[in-house]
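For reference, the structure discussed in these notes is given below.
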């Protein structure tokens, strides 16, 4: 039997080594999700960017009709809200192909970052719009209708229903007055304030919406309580 | 022979005087009833629209509260009932707008809960 020597021996050895290495790789090291190359990183960035933009576009397109249909939002606030949301939608729509045609990971990464830092759709644009609408719902309708009800009830209790002006009724009317004042104070200028915030301001301070939200929590609770006060008095006057 | 009474010109004059007096008494009684009919009812229809949900109607509904009449005449019960109905309409409008405010607030919070970082 002829012995294996020279190049053949080297080739066999090399194949053996490769086989061993491959076996070792399969059995002991999990292959990476993406190969550590510049082109793969660029691809992953593009994929994440496409997903991030798609999610935000869907959220914006879903919210825009809601603001159009809301009958309580003032015309000025509706205009400001729709301008913000439509501008964000257009901007993201224009950014998508830019990222997809980026040729370097560095450029793609920078453009990808701008999806968040330049628009802040979830951190600011949508919340500020919704909170402004929530405030308008209260200032444009709740406050004036509560005030109207208060005046009518006061007249009734001072006149034909004076005999029904009992202590519980008086307590309800007093609370109603307090609630109206509370809602008015909590919502004064709120819509204008939140709509003026910019992504840069949010980037500088993530707490800019904290107080407006707290005010809305208080105001909405007051509105519910005021409604109960009116129901109490109505029941007493029946 | 009959004296002056219901016969002749004097008689007819006497009859007319008595008739006019009777008519005056009757009219006075009716007049008192009419005069206490009171003023017209407060028009709740001029208050903010009770059921309209249109944007223009709602956003311009911040009118000053109208007062129910305090007249205690014949129409006071109807006026009070109308005013109470207007209050009920106010309460319904408040409830609707508060529900919308809640929905908007909740949607804002839901947006904030989503990750807005790379």
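As a rough footprinting exposure proxy, the listed residues A:217, B:94 were ranked by other beta carbons within 10 Å of their own, and the order from fewest upward is A:217, B:94.
Taking other Cβ atoms within 10 Å as a rough exposure proxy, A:138, B:84 sort from fewest to most as B:84, A:138. Using the Cβ-Cβ distance between residue A:171 and residue A:207 with R0 set to 56 Å, the FRET efficiency from 1/(1 + (r/R0)^6) comes to roughly 0.90.
As a calculated quantity, the FRET efficiency between residue A:79 and residue A:54 at R0 = 35 Å, using C-beta atoms, amounts to about 0.85. Over every Cα atom in the range A:105-231, the radius of gyration and the widest Cα-Cα span, Dmax, amount to 21.1, 80 Å. Counting every other Cβ atom within 10 Å of each residue's Cβ, A:46, A:238 order from fewest to most as A:238, A:46. Averaging the Cα positions of each part gives two centres, and for the range A:64-98 and the range A:158-228 these lie 27 Å apart.
Here the gap between residue A:110 and residue A:198, fully extended at 0.36 nm per residue and compared with their Cα-Cα distance, gives a gain of 29.7 nm. Model label points for residue B:88 and residue A:47, set 7 angstrom from Cα along the Cα-to-Cβ axis, are 6.3 nm apart.
We did not get these values from a lab; they are worked out from the coordinates using the rules stated. This is a predicted model, so every value here is computed, not measured. Here the Cβ is made from the backbone with ideal geometry for all residues, glycine too, and neighbour counts use every protein chain on show.
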